[in-house]
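The values are calculated or read from the model by the stated rules, or taken from the named source; none is laboratory data. Quick caveat, the model's predicted, so the values are computed rather than measured. With ideal geometry, Cβ positions are generated from the backbone for all residues, glycine too; neighbour counts draw on all protein chains shown. Please note that ligands, DNA and RNA were not included when accessible areas were found on the heavy atoms of the full protein model with its side chains. Shrake-Rupley method; radii C 1.70, N 1.55, O 1.52, S 1.80 Å.
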Amino acid sequence: MRRAFKALTAALALSVSPMALSLAPVAVAQAQTGSAPATLVADTVFIDADGRLTAAGSVEVFHGTARMTAGSLIYDPATERLQIEGPITIVENGGDTILLASAAELSADLTNGILTGARIVLDRQLQIAAAEISRVSGRYNRATRVRASSCEVCASNPIPVWEIRASRVVHDEQAQQLYFDNAQFRVVGLPVFWFPMLRMPDPTLDRSPGFLIPSIRTTTGLGTGIKLPYFIPIGDSRDLTVTPYVSTSATRTVELRYRQAFRTGSIELNGAVSRDDLEDGTRAYLFGTGSFALPEGYRLNFGIEMVSDEAYPSDYGLDNKDRLETGVEITRTRRNEYILGRVVNYRSLRDSEDNSTLPTLVSDVTWHRRFAPALIGGEGGLRFQTHSHRRWSDEDTDANGDGVVDGRDVARASLRADWRRNWVLDNGMVFAGLTEITADIYRISQDPAYDRNVTRVTPAAAVELRWPFMRAGSAGAASWVVEPVVQIGWSPKDAADDVVPNEDSVLVEFDEGNLFSLDRFPGADAHEAGLRANLGFSVTRQAVDGSSLALTLGRVVRPENLGQFNTSSGLDGATSDWLLATQYAGSGGLTVTNRAIFNDEFDLSREELRFSWRTDSYGIGSSYIWLEEDLAEARTVPTSEWTLDADWAITDAWAAAIETRYDFEAERAARAGLGLQYATECVTFDLSLSRRFTSSTSVRPTTDIDLSVVLNGFGSGNRATAARRSCGG
C-alpha cells in the first residue's frame, strides 16, 4: 500500500525552474533556491541507520508547479544529494516543460546535478535528446552530444524531416533561449548548413529579438528575391520588424512594421521604401490602422493608405484595392442608438478616374435613434446626418462630358423621422402603417446648373398587408410558410425633380431586402417619388434534417413612369421587372443563392448566382454575375464574370487551394491563384502562385510565386496545428 510522507526538513525542498531555450556562449550564474518542503509519495519510504532516506516504487514528488516521477530515490543528508533511478519524468508549468532521463544525481532542490540518457521536451513540441544533461543553478540545462527536432521519430519514421545536431547546447530557462555550439542543420538526414554558434528562442518565448523565417518571392516584374525579417521588441508593448528585400531585378527594398499596444487600444503601421528597375526614383507605401476605446462607450478608429505610384501595390504584392482610404472616425453603438463622425480622403488608382475631379475629401456625421412612442405605439426613429464632399478642381464646367462638373462641391444636412406599427387581425392577417419625413438643406458650389442653397422636404407613407399561411411539419414532414404581401406607398411627384445633383444614389440594386421599402435609393440625394404598389410573396420550407429553401418573387407597379431609375436596375418603367430570389441551405454544407431580375419576356437585366459547399475535408465556392450595359452607370458593355475559390485537405499534412476570376466579355482571366501547403508537427511549407491580368496602362500584369518554410517548435508563433505524423506500425 502506498503512503504519503511529509519531509521533516527543508533540505528535501524540490524546486524545478521553468524550462526555456537559447543559443551562443553563456555565463553560468548561481541561482537562489527555495526552501519550501516537498511532498513525497511512494510505495515504500524508509530511513536507514546512516540517516539516508530511500523511496521506491512509483515515486512521485510534488513541489510548487513541479511534479517528478521516478522508479526510486535515495537522499543522503551528509552530501545533500539525490540518487534517482529512472525512468525519470519532471513536469513543469502544466506540461509546457518536460525533462526525461534514465538516471540522475541531483542536489536536494533539483537545481544542480547530472542526468544521463536525458531528453527535454519544450511546449510539447521541441525535443532535445542528449547523452547527458547537467543542471546548473536551477537556471541552465547544459546538454552534450545533442539532437534537437520537433519531428516525430519512431520505428516507422526513423529519420526526422529536420534536426539540429550539436556538440553542446545550453538552455537558459530564465532568458528562454537555446545556445548551440558546433551546430549542424540536417534535412531528411542530409547535412545542409553548419553554424559554429547558433541562438534560437524556445517555444515558450513570446517575444525575442532576432531573425524571423525568411521567404522567397518571384515575380515577372521584380524577378526572384528574398525577404529576411528581423524582429525588435521595444519594451512589453511595442515592437518593430525590419525586412530587407532584394531581388534579381535590382530592387532594393526595406519593409517596416511597427506595432504598439496601449491601455485602451493599439496601432499598427506597415510601410516600405523601394528603388527598382520598374520606375524611376524612390517608391514607397504606408498603410496603418488604429483603434482606441474612449469614455462613454465611444471608439476612435483611423486608417492610413498611401502609395507613391499607382503600380506599387501590384508590383509588390500588396492589397488589390484600386481606391485608397485615409481617414479617422469616432463611433458609438448602443441598443437603440448609433453615432458616427468621420473624415475620409479617397485616392483612386484607376486609369479612368481623375483624382482632381473626384469627391476625394468626404466628411460625415450621423446620429440615429430608435424609440417606442408612448401615445401611438409601434416603433419610431429619428436620424440627423451631415455630409460634405470636396473636389480639388476649381473648374465649374463638365470638361470630360460625363455629366459631372469637375469642381462641384456639396454640403448637406438632413433630418429624418420615421414610424411603423403592426396590427394582427382576427383572420391572421398582419396590417401595418408606416411613414417618414425627410428635410434636407444643401449648399452647392462651383456648379451653375443648380442653386447655391437648396431646401427640400420629402414625406412618404405606406400601408401594408401580409397574410402568412403555415403548415407545421409532423411525423418527419417539412414545415412550410407562405406569405403574400401587398404594400401601397406614396411620396409626392416633385420628389423626382432634380433640384440637387445625385451623387450618392446613382447605383440602385433591386433585391429582396428593399422590395418592400419606402425608398429604394441607397443615399440621400434622390428620393423615390409617386404612387407605387410593391407586390410579392415568399415561400419558406424547413426540413427536419436542417435543410431549408426560401423563395421570394415580386415586382413594383406604378400608375406612371417618373424616369427615376436606370434600365439595368430593373426598376425603370411604370412596371418594374420581376425579382426572383432563392436560397437553398442543405444539411450537408451545400448552399445555393440566386437572384435574377427579368421582364415579362424573361429577358434578364441582372443575374447573380452563388454556390458553396463546405465539408470537413474540402470547400468550394463559386459565383457568377451578369449585368446588362448601362451608360448611366458608366458600363458600355455587359458585365459577365465568374469566380471560383476552393480548398482541399488532401491528407492530414497536405492541403491545396485555388482561386480564379474570369471575364467572359473580355474573354480572359482577371486573376488566378494556386496554393499548396504541407504542415506537420515539425515543419510548415507554403507555396503560392498567382497571376494578375490587367489592361491598365499604370498597373502591369504580374505573376507572383511565394515560398515560405517554417520550422515548428522555435518561438511561440510557430506552434504546429496540423496532426502529427503517424507512428503506427
Residues satisfying the stated conditions in segment 343-392, i.e. assigned to a strand (DSSP E or B) and touching a residue at least 60 places away in the same chain (Cβ under 8 Å)
Gln385, His387, His389
Those strands (runs of 3 or more DSSP E) lying entirely in segment 430-506 with at least 2 residues under 24 Å from Gly377 (Cα atoms):
430-445, 453-466, 479-491
Tell me whether segment 149-158 contains one or more residues that are in a strand (DSSP E or B) and either in contact with a Lys or Arg (Cβ under 6 Å, 6 or more places away or on another chain) or at pLDDT below 85 (or both).
no
Considering only segment 299-326, state which residues are among the charged types (D, E, K, R), under 19 Å from Leu689 (Cα atoms) and surrounded by 15 or more Cβ atoms within 10 Å (Cβ to Cβ).
Asp315
For Gly586, are the conditions met, namely being open to solvent by less than 30 Å² (accessible area, probe 1.4 Å), closer than 16 Å to Leu535 by Cα, of a type in the set (Gly, Ala, Ser) and in contact with a strand residue (DSSP E or B) (Cβ under 9 Å, 6 or more places away or on another chain)?
no
Test Asp236 against the criterion of being outside any strand (DSSP E or B), modelled with pLDDT of 85 or more and out of contact with any Cys (no Cβ under 7 Å at 6 or more places or on another chain), and give yes or no.
yes
Does Ile437 satisfy the criteria of being aliphatic (A, V, I, L, M) and over 30 Å from Pro373 (Cβ atoms)?
no
Considering residues of segment 518-536 that are out of contact with any Asp or Glu (no Cβ under 6 Å at 6 or more places or on another chain) and open to solvent by 30 Å² or more (accessible area, probe 1.4 Å) only, the residue nearest to Ile625 (Cα to Cα)
Pro522
Scan of segment 555-571 for residues that are open to solvent by less than 50 Å² (accessible area, probe 1.4 Å), closer than 20 Å to Glu628 by Cβ and either in a loop (DSSP other than H, G, I, E, B) or at pLDDT 95 or above (or both), ordered by number:
Arg555, Val556, Gln564, Phe565, Asn566, Gly570, Leu571
Every pair of residues 6+ apart whose Cβ atoms lie under 9 Å, when the first sits in segment 73-96 and is more than 22 Å from Gly57 (Cβ to Cβ) and part of a strand (DSSP E or B) while the second is open to solvent by 40 Å² or more (accessible area, probe 1.4 Å) and of a type in the set (Ser, Thr, Tyr)
Glu92/Thr65
For a quick check of your reading of the model, give me the residue pairs whose first member lies in segment 448-463 and is more than 22 Å from Gly530 (Cβ to Cβ) and open to solvent by 60 Å² or more (accessible area, probe 1.4 Å), whose second is in a strand (DSSP E or B) and of a type in the set (Lys, Arg), with beta-carbon atoms closer than 6 Å and at least 6 apart or on different chains.
Asn453/Arg443
Tell me which residues, restricted to segment 263-292, are part of a strand (DSSP E or B), open to solvent by 40 Å² or more (accessible area, probe 1.4 Å) and without any contact (Cβ under 8 Å) to a residue 24 or more places away in the chain.
Glu268, Asn270, Val273, Leu286, Thr289
When the residues of segment 590-645 are filtered to those that are basic (Lys, Arg) and open to solvent by 40 Å² or more (accessible area, probe 1.4 Å), which remaining residue is farthest from the chain's Cα centre (by Cα)?
Arg595
Return the residues of segment 512-540 that are of a type in the set (Lys, Arg) and more than 34 Å from the chain's Cα centre (by Cα); say none if nothing qualifies.
Arg532
Kindly indicate the residue of segment 399-423 that is among the aliphatic types (A, V, I, L, M) and within 22 Å of Ser517 (Cβ to Cβ) and also least open to solvent (accessible area, probe 1.4 Å) among those meeting that condition.
Ala417
Which of the residues spanning segment 67-105 are within 20 Å of Asp123 (Cα to Cα) and open to solvent by 30 Å² or more (accessible area, probe 1.4 Å)?
Arg67, Thr69, Thr89, Val91, Asn93, Gly94, Asp96, Ile98, Leu100
Pairs needed: first member in segment 493-518, of a type outside the set (Gly, Ala, Ser); second member anywhere, surrounded by fewer than 18 Cβ atoms within 10 Å (Cβ to Cβ) and assigned to a loop (DSSP other than H, G, I, E, B); C-beta distance under 6 Å; at least 6 residues apart or different chains.
Asp504/Gly523
Determine if segment 246-254 includes at least one residue that is assigned to a loop (DSSP other than H, G, I, E, B) and either acidic (Asp, Glu) or crowded, with 18+ Cβ neighbours inside 10 Å (or both).
yes
Exactly one condition in (1) at pLDDT 85 or above; (2) open to solvent by 30 Å² or more (accessible area, probe 1.4 Å); (3) of a type in the set (A, V, I, L, M, F, W, C) is false for Ala130; which is it?
(2)
